[in-house]
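The values are calculated or read from the model by the stated rules, or taken from the named source; none is laboratory data. A quick note: this is a predicted structure, and the numbers were derived from the prediction, not measured. Here the Cβ positions follow ideal geometry from the backbone for every residue, glycine too, while neighbour counts run over all protein chains shown. Surface accessibility is based on the protein's heavy atoms, side chains included, excluding ligands, DNA and RNA. Shrake-Rupley method; radii C 1.70, N 1.55, O 1.52, S 1.80 Å.
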Amino acid sequence: MDEKKIRAQDKWDMKAGVSAKTYKVNTAVAEEFKKVCKELHLSQGPELTKLMQQFIEENR
């Protein structure tokens, strides 16, 4: 039986505590968010993380 190999990216993700998540969101909102992030030269992931953290803090 072959051992499943772990990709370098998977190792980095585990070390950094990063995981892929799938959410269903309104398409128009998602596209506008993507557009604005691109215009501002920002990555969507970190911006979503900031929004999630802000939501958590406001609702504790």
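Provide the convex hull volume over Cα atoms per residue for the chain, in Å³.
166 Å³
As a test question: what accessible area, to the nearest 10 Å², does S43 have when a 1.4 Å probe is rolled over all protein chains in place?
Here the residue's solvent-accessible area equals roughly 80 Å².
Grab the stretch 15-60 and count how many Lys pairs have their alpha-carbon atoms under 25 Å apart, sequence gap of 8 or more, or different chains.
The number of close lysine pairs in the stretch 15-60 is 12.
Could you order K11, K24, K5 so the one with the most accessible surface comes first? Probe is 1.4 Å.
Reading off the accessible areas and sorting them downward yields K24, K5, K11.
Give me the extension gain from T22 to H41: residue separation times 0.36 nm, minus the current Cα-Cα distance, reported in nm with one decimal.
Extending this stretch completely gives an extra 4.6 nm.
Placing +1 on the Cβ of each Lys and Arg and -1 on the Cβ of each Asp and Glu in the chain, which of I56, P46, N26 has its Cα farthest towards the positive end of the resulting dipole?
Ranked along the dipole, the leading option is P46.
Give the aspartates and glutamates reachable from K5 as a straight Cα distance under 20 Å; neighbours fewer than 8 places away on the same chain don't count.
D13
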